[in-house]
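Below: one structure, written as structure tokens.
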Amino acid sequence: MTHPTIIWFRQDLRISDHAALCAAAANGPIIPLYILDDETPATWKMGAASRWWLHKSLENLNTKIPLVFRRGRADVVIADLIAETKASAVYFTRDYAPWSGALEKRVKDVCDKAGASCHRHGGFLLHEPESIRNGSGEPYKVYTPYSRACFASGEPRALKAVPQFKIYPTAKSDHLADWDLLPTKPDWSTGLAESWKPGEENAHALLYQFLDEGLADYAEGRDRPDKPFTSRLSAYLHFGEISPHQIWHATRSAMAKAGGGLDRSGEKFLKEVLWREFSYHLLHHFPHFPDLPFKPEYADFPWAENPQALKIWQKGQTGYPIVDAGMRELWHTGIMHNRVRMIVASFLIKDLLIPWQDGERWFWDTLVDADIGANSASWQWVAGCGADASPYYRIFNPVLQGEKFDPEGAYVKKWVPELQSVAAEFIHHPWDMAVPPKSYAKRIVDHGVARDRALEAFKKIKKVEA
Ligand SMILES: Cc1cc2nc3c(=O)[nH]c(=O)nc-3n(C[C@H](O)[C@H](O)[C@H](O)COP(=O)(O)OP(=O)(O)OC[C@H]3O[C@@H](n4cnc5c(N)ncnc54)[C@H](O)[C@@H]3O)c2cc1C
């Protein structure tokens with residue numbers, strides 16, 4: 001009798017360009033396994049919006065390859081499944097979360113104990129975090145030389161075709177619906193369902209739509225939340241419904257086809273994909289990134305204890321239109337434009353003096369693209385305490401940012417209906433109108449006063465950079 005091979009799906013919920021699946025399928029009949037492991041990350045359990053996406057993504061993948069759903073600690077589940085099916089091998093894609101190295105080691109141990117072989121493949125990143133080093137053999141802490149080193153390392157490997165696979169028939173499975181990944185009482189997911197179609201083919205459709213319609217304007221327009229000039233691929237990338245290799249090669253092809261016309265925007269877009277790589281490079285080498293400031297002096301920062309202000313920020317009721325629009329977009333759709341993420345994060349940390357970790361946690365729960373690498377690196381970047389971070393004295397002015405990046409106020413009007421009839425002239429500072437709209441929140445702080453207070457507070461940190 002042929003022994004089956006387990007292919008353990010993780011953040012690689014696709015069948016194309018899947019190195020581990022290709023290798024497993026070449027081995028004989030496969031058991032495609034997905035494990036809901038809420039035990040392994042002790043403090044970073046998957047957030048609510050991510051669970052919604054995961055459910056939809058698994059439903060989609062299950063139509064392409066019949067999954068065995070199991071729940072529990074991944075190494076224990078895999079040990080049980082090997083014992084039940086006499087599987088002779090386990091294949092999986094490497095993950096880079098701080099808890100994953102130890103988990104992958106435990107999986108290897110249970111395989112060794114059961115006499116099964118264990119095979120770990122890449123695929124979530126273009127560059128393994130160990131493979132890019134500076135001249136002294138150290139990890140990079142600054143993005144620009146890191147990205148140069150990535151470009152200099154050559155083009156990513158060629159794409160892998162969907163393999164022929166034979167399913168091993170008899171492993172028992174949970175019902176996905178019993179995992180309660182979707183919200184019920186209350187069901188707050190209507191906005192997510194209106195905004196997204198998770199799944200591999202939808203990721204590819206979005207990529208090609210972006211390459212045809214958005215890429216040309218990307219370099220100039222990517223900072224405009226009122227325009228559709230970014231790819232919106234982050235959640236698909238996070239769940240591995242599309243690989244960064246597929247994005248990279250498709251972008252290169254679009255650039256080549258355009259005969260130079262897309263070079264500037266194409267390079268800019270590829271550099272953003274490398275920001276994702278850089279955040280995992282940092283996370284791998286500095287695994288405390290999600291919890292502690294990379295620059296240790298920031299641990300002494302005199303944060304305010306202000307749970308009420310945190311709630312007001314979460315609900316999008318700060319009285320600053322661009323901040324409120326962003327927070328309401330996040331709640332409704334599970335996503336927020338990158339420029340607005342920077343503005344709302346700066347507002348929380350610097351205008352309200354609320355710890356960056358509180359904002360990071362809220363994003364973790366509400367973003368469909370919540371990602372342990374990109375989220376922690378980005379929050380630390382805005383706070384000024386990360387590697388290659390924005391300096392502490394850079395405090396976004398929400399009025400000027402709004403006027404620059406949402407000049408007509410179209411983005412604000414979409415998400416803050418109380419301001420629907422406000423003229424563009426006042427849309428980012430309605431408090432200056434002779435009669436401001438009564439239904440809209442009053443400003444929680446005066447930005448000028450808050451800015452001075454933040455600068456004073458930041459001065460108190462020992463050894464802060466000049
Ligand atoms: C405070 C804050 C928190 C963030 N949290 C997350 C998060 O949890 N998950 C997440 O994927 N991104 C996060 N980002 C980065 C960025 O905002 C999103 O990746 C981007 O908005 C996704 O939209 P897009 O796919 O249209 O991006 P595009 O502009 O089309 O970029 C293409 C891809 O590049 C990657 N990318 C782009 N910018 C960044 C960046 N600054 N850092 C890392 N990767 C990047 C993403 O995978 C993105 O899909 C955060 C940024 C900030 C300022």
Kirkwood-based Rg/Rh on the Cα set of the chain evaluates to 0.98
For segment 100-224, averaging the sequence separation of alpha carbon pairs under 8 Å that lie six or more residues apart and dividing by its residue count, the contact order in percent is 8 percent
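Would you kindly state how much longer the chain becomes between THR2 and TRP99 on full extension, computed as 0.36 nm times their sequence separation minus their alpha carbon distance, in nm to one decimal?
Gain on extension, THR2 to TRP99, equals 31.5 nm.
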On the formula 1/(1 + (r/R0)^6), with r taken between the Cβ atoms of GLU138 and THR170 and R0 of 51 Å, the FRET efficiency rounded to 0.05 is 0.50
Taking Cα atoms only, helix 200-213 is inclined relative to the longest principal axis of the chain by an angle, in degrees rounded to 10, of 50 degrees
Taking Lys and Arg as +1 and Asp and Glu as -1, residues besides GLY316 with C-beta under 10 Å from its C-beta add up to 0
Between ARG120 and LYS197, the two model label points (7 Å from Cα along the beta-carbon direction) sit apart by a distance in nm of 3.7 nm
At the level of C-alpha centres, the distance separating segment 332-392 and segment 397-461, in angstrom, is 19 Å
Taking Cα atoms only, helix 48-62 is inclined relative to the longest principal axis of the chain by an angle, in degrees rounded to 10, of 40 degrees
Residue separation between VAL435 and LYS414 times 0.36 nm, minus their alpha-carbon distance, gives in nm 5.4 nm
Ignoring ligands and nucleic acids, THR170 exposes an accessible area, probe 1.4 Å, in Å² to the nearest 10, of 100 Å²
1/(1 + (r/R0)^6) with r = Cβ-Cβ of ASP452 and ARG71, R0 = 45 Å, i.e. FRET efficiency to nearest 0.05, evaluates to 0.30
Here the relative contact order (percent) of the chain, from C-alpha pairs under 8 Å and at least 6 apart, is 17 percent
In degrees rounded to 10, the 0-90 angle between helix 100-114 Cα long axis and the longest Cα principal axis of the chain is 10 degrees
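The values are calculated or read from the model by the stated rules, or taken from the named source; none is laboratory data. In this text, all values refer to a predicted model and were calculated from it rather than measured experimentally. Here Cβ is always computed from backbone atoms with ideal geometry, including for glycine, and neighbour counts include all displayed protein chains. Calculation scope for accessible area: heavy atoms of the full protein, side chains included, ligands and nucleic acids excluded. Shrake-Rupley method; radii C 1.70, N 1.55, O 1.52, S 1.80 Å.
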